[in-house]
Each structure stands twice: as C-alpha cells, then as structure tokens.
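Below: the structure, in structure tokens.
The values are calculated or read from the model by the stated rules, or taken from the named source; none is laboratory data. Being a predicted model, the structure only gives us computed values, none of them experimental. Reconstructed Cβ throughout: ideal geometry from the backbone, glycine too, with neighbour counts over all protein chains shown.
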Amino acid sequence: MTLSLDQAGRIVDAGLKHARERSFRPMSIAVLDAGGHLVAFKREDRSGILRAEIAQGKAWGVLGMGHGARDLFMRSKEAPAFYAAIAATSQGRVIPVPGGVLIRDAAGDILGAVGVSGDMPDNDEACALQGIAEVGLVADPGHGPAQG
C-alpha cells in the first residue's frame, strides 16, 4: 500500500480544519511519502515564513529515524551529541519536536509522515493525528509527553 495524493490532501485539510475549530495559530502542514518526497502541503495565511521548512523537517526526521517525534524529542535530551550529529548529517533537516507523526497502515508498515508547525507542539501534533484519523490510517506520534 502507498500513500495517495488524495489521502495526503485529505490529511492536510482535516488537520487545518481541526486547527481552525480550536483557534490555533496559523498552521503549515506537510505530508511526505515513505521515501521522504513531499506529496501535499498547505500554509495558512499569516503562518510564519519558516513554518514550511519546520513542518517538512518534523516529517522528514520521523521518517529518517523510524520513530514518532515524541520519541525523537525524548532521545535528543538523553543523547544530545548524537542528535547534534544527526542535525549535521541531515543538513539541519531533522526537527525532533512533537508535531512529526508517522503514518502507518494496519499492518504497521510506514506509508509516510505528517509534519505540522504553527502552534505549540501538542497542538501541532493534534492536527496531524486528526488528519491521519480522517483517512483511516494509523498515527504513530511516538510516546511520552510533549515538551519544547
């Protein structure tokens, strides 16, 4: 199974709808396929100019590491030198902060990832979770509390 353009677009739209219903700050949402290619992206009016790169970095990082961003965040605190090396190796593309969520199928295979940026990490992540739920796929945000 692969992630379709239709599914990616619906994930973005559902995430943005979730944000507007809760009056979150303006969002940017990126959906990448399992190979790290951008499939769908939207940036709301007044979303900060770095938000596109941050959203894609959250998604790209979870794909690259195979763990949801909550796991990456916790691990970055335990092994800061390792994550500094990852940042250097990836030319700064890995953003280990909640809001990066793996998209899995029912069998647990990774189909892609969603990255959301614009509000607090918990709110960013909630938009990704809502988007993935909208298309009936499995969200994997990692474990542990959001901080940072």
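If you check Ser117 against the conditions, is it of a type in the set (Ser, Thr, Tyr), surrounded by 14 or more Cβ atoms within 10 Å (Cβ to Cβ), out of contact with any strand residue (DSSP E or B) (no Cβ under 8 Å at 6 or more places or on another chain) and closer than 16 Å to Gln56 by Cβ? Answer is no for this residue. The sole residue among Val97, Val62 that is in a loop (DSSP other than H, G, I, E, B), more than 16 Å from Ala14 (Cα to Cα) and among the hydrophobic types (A, V, I, L, M, F, W, C) is Val97. Taken over region 5-14, the residue count meeting the criterion of being more than 16 Å from the chain's Cα centre (by Cα) and either surrounded by 15 or more Cβ atoms within 10 Å (Cβ to Cβ) or modelled with pLDDT under 95 (or both) is 0. Output the residues belonging to region 94-114 that are touching a residue at least 40 places away in the same chain (Cβ under 8 Å), of a type outside the set (D, E, K, R) and surrounded by fewer than 24 Cβ atoms within 10 Å (Cβ to Cβ). Across region 94-114, the qualifying residues are Val97, Ile110, Leu111.
Residue-by-condition table, conditions (1) crowded, with 17+ Cβ neighbours inside 10 Å; (2) free of Cβ contacts under 8 Å to residues at least 40 places away in the same chain; (3) among the aliphatic types (A, V, I, L, M):
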| site | (1), (2), (3) |
| --- | --- |
| Leu16 | yes, no, yes |
| Asp33 | yes, no, no |
| Gly48 | no, no, no |
| Ala55 | yes, no, yes |
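Looking only at region 21-31, count how many residues are touching a residue at least 12 places away in the same chain (Cβ under 8 Å) and among the small types (Gly, Ala, Ser). Counting residues in region 21-31 that are touching a residue at least 12 places away in the same chain (Cβ under 8 Å) and among the small types (Gly, Ala, Ser) gives 2. Counting only residues that are over 17 Å from the mean Cα position of the chain (by Cα) and closer than 24 Å to Val39 by Cα, region 58-85 holds 0 of them.
Per this entry, Ala139 is counted among residues that are assigned to a strand (DSSP E or B) and either surrounded by 16 or more Cβ atoms within 10 Å (Cβ to Cβ) or without any contact (Cβ under 8 Å) to a residue 40 or more places away in the chain (or both).
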